[in-house]
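Here's the structure, in structure tokens; my notes come after.
Every number here is computed from the coordinates shown, using simple stated rules; none is lab data. This one's a predicted model, so the numbers in the text were calculated from it and none came from an experiment. Every residue, glycine as well, gets a Cβ built from its backbone with ideal geometry; the counts of neighbours run over all protein chains shown.
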Amino acid sequence: MRTTTAMAHQPGGRTAGAPRPPLDPAVLAVVTRTRRAREARLVTVALVLAGLCFLVMCVALALGDVRVPLPDVVSSLFGGGSRRDRYIVTSIRLPRALTGILAGMAFGMAGAIFQALLRNPLASPDMIGISAGASAAAVAAIVLLDLGGYAVSAAALIGAFGTGAAIYLLAWRRGVAGYRLVLIGVAVGAMMTSLVSYLMTVSDVYDAQQALGWMTGSLNAKTWTTARTLAAALVVLVPAALLAGRRLRVLESGDELAAGLGVPVERARLELLAVAVALTAVATAAAGPVPFVAFVAGPVARRLTADGGVALVPAALVGALVMSAADVIGQHAVPDTSYPVGVVTAIVGAPYLLWLLAASNRSGRGG
């Protein structure tokens, strides 16, 4: 009778086919504690950021030509208070505040997805051409078609989607590499910016002023229609982003490792890019191309959570906090003068960009 040959041995002396040795309980306990501590910190940061967003929103609702005390603001939000306070808070000021928070959430989450997926801290929508494409479409609608209101927002929505699709197709070479998509995005953004400059030079003064106001990014004259439309879009897009974002941590480790773990790399990347572009598009259509919110939200969220990976919910809340705080500062910091929210975010974001570039050069990653 034929006997079986000696079984092959794997490196480390373990026989092939033999059961794996059980994990060391001490190591397993350390891993479990580390994971629970990270999850606890993530939840704590999210709750603190949500509380700060609510506080800043209440301050925004309290300030104005008619001051409403903070306790009366909270009471009005829950159906109490006087009829006058409820009208001022819920009918006049709340749509603007909610639009700012929702748009900031969309910008923050989109920026975190772009930066994690492309593994580049500069890869935010306003850096790789998505916002520029929305601006070009909106300015063309104002200058060439003499449109206004929601038609301009619809044009910006179409422009963002069209620019995102063009960047993806131009970057495709049997797959999409992050660095190539960023470079093409910067080039497309420069082209869109040139187009905006040309349209501004051939427009009349009134159209140029209207276009400039939209490009700055503003929450002026926002109504419940804007807030509800943006909220309805985020009800769909935020769960989609969280669902697709489960693959982000694996994709950050590299395409080969992700493919080895069974992740369909190109399909996952396309899904994430589509969700991020959609988040940018709806936020830009609602509030204009507010600069630097998407750029700073992700890095700040990662620092707060002490997590080198992806923190989409904290990034969304950081974006909401930055957007709402910038609007309060722009409206009330200087007496008798109000500034669009985009002016304030640019004042904060530009120094951050310079610091990031300087830090990258010091660490040898700046080229």
inquiry  = Using only the alpha carbons of the stretch 31-362, what is the convex hull's orientation-averaged projected area in square nanometres?
reply    = 18.8
inquiry  = Using a 7 Å offset from the Cα along the Cα-to-Cβ direction at both Val43 and Leu242, what is the distance between the two label points in nm, to one decimal?
reply    = 1.4
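Using 1/(1 + (r/R0)^6) with R0 = 25 angstrom and r between the beta carbons of Arg249 and Thr223, what's the FRET efficiency to the nearest 0.05? Show your work: numbers first, answer last.
Numbers: r = 39 Å, r/R0 = 1.57.
Rounded to the nearest 0.05, the efficiency is 0.05.
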ask   = Between the stretch 133-176 and the stretch 183-236, what's the alpha-carbon centroid distance in Å?
value = 10
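If you stretched the chain out fully between Met191 and Phe78, how much longer would it get, using 0.36 nm times the residue separation minus the C-alpha to C-alpha distance? Walk me through the intermediate numbers first.
Values: separation 113, 0.36 × 113 = 40.68 nm, distance 4.82 nm.
Between Met191 and Phe78, full extension yields an extra 35.9 nm.
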ask   = For labels at Thr337 and Tyr179 in the simple 7 Å Cα→Cβ model, what's the distance in nm?
value = 4.5
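Rounded to the nearest angstrom and ordered from largest down, what semi-axes does the equivalent ellipsoid of the stretch 80-230 get from its C-alpha gyration tensor (root of 5λ)?
Numbers: eigenvalues 202, 96, 23 Å².
Each semi-axis is the square root of five times an eigenvalue, giving 32, 22, 11 Å.
Pulled fully out, how much extra length does the chain show between Leu63 and Arg267, if you take 0.36 nm times their separation in residues and subtract their Cα-Cα distance? Could you put the intermediate results ahead of the total?
Values: separation 204, 0.36 × 204 = 73.44 nm, distance 4.72 nm.
Full-extension gain reported as 68.7 nm.
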remark   = Contour minus Cα-Cα span, Ala306 to Ala358, at 0.36 nm per residue, comes to 16.5 nm
